[in-house]
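First the structure, in the form of structure tokens, and then the observations on it.
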Amino acid sequence: LPDDTLLRLENLLPQINISIGMKYCSGDLNLYLDILQILYDSAPEQLGDLQKVWMTKDYPNYILQVHSLKSQLLNIGYALLADEALALEIAGKENRYDFIQEHHDAFVDSYQELLKQLETVFATLKN
């Protein structure tokens with residue numbers, strides 16, 4: 001990878017604390033990029049599963065799905081969006097389903113925005 005890859009990544013993903021994500025990857029930038037790619041590649045299925053359990057109000061499985069996304073977001077250093085997922089997870093555990101209904105779409109929108117940013121990252125880093 002070029003020497004400026006980390007700087008370019010930080011500029012393309014300003015909302016993510018990349019140094020935290022890198023700690024989970026033992027400082028290996030290639031591994032971190034692989035983790036981002038895995039998150040990106042698995043997102044359509046995971047978001048589809050989340051939508052399905054949200055639409056059917058299957059809250060026990062909703063909690064599991066949003067917990068998984070939260071963990072992935074923490075692993076890449078995206079604490080702000082992970083906190084949104086945590087709030088949804090806690091709401092589910094506390095049977096505050098109205099909170100989930102009110103905040104689910106905003107969380108999914110933010111997650112989809114991350115995916116668009118990752119698409120730009122991958123395209124940019126290839127050049």
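The values are calculated or read from the model by the stated rules, or taken from the named source; none is laboratory data. Nothing here was measured: the structure is a model prediction, and the numbers come from that model. Here the Cβ positions follow ideal geometry from the backbone for every residue, glycine too, while neighbour counts run over all protein chains shown. Remember, those area values only see protein heavy atoms, side chains included, never the ligands or the DNA or RNA. Shrake-Rupley method; radii C 1.70, N 1.55, O 1.52, S 1.80 Å.
In a helix (DSSP H, G or I) and within 26 Å of Asp4 (Cα to Cα): is that true of Leu47 in this structure?
Judged against the criteria, Leu47 is not a match.
Output the number of residues of the range 1-16 satisfying the condition of being open to solvent by 70 Å² or more (accessible area, probe 1.4 Å) and within 19 Å of the chain's Cα centre (by Cα).
Counting residues in the range 1-16 that are open to solvent by 70 Å² or more (accessible area, probe 1.4 Å) and within 19 Å of the chain's Cα centre (by Cα) gives 3.
Go through the range 17-44 residue by residue and tally those that are part of a loop (DSSP other than H, G, I, E, B) and open to solvent by less than 60 Å² (accessible area, probe 1.4 Å).
2
Condition test on Ala82, is it of a type outside the set (Asp, Glu), crowded, with 18+ Cβ neighbours inside 10 Å and at pLDDT 95 or above?
Yes.
Regarding Ile90, is this residue open to solvent by 30 Å² or more (accessible area, probe 1.4 Å), touching a Cys at 6+ places or on another chain (Cβ under 9 Å) and either modelled with pLDDT of 95 or more or of a type in the set (S, T, N, Q) (or both)?
Taking the combined requirement at face value, the residue does not satisfy it.
If you take the residues of the range 59-76 that are among the hydrophobic types (A, V, I, L, M, F, W, C), more than 16 Å from Glu94 (Cβ to Cβ) and without any contact (Cβ under 8 Å) to a residue 60 or more places away in the chain, which of them is surrounded by the fewest Cβ atoms within 10 Å (Cβ to Cβ)?
Leu74
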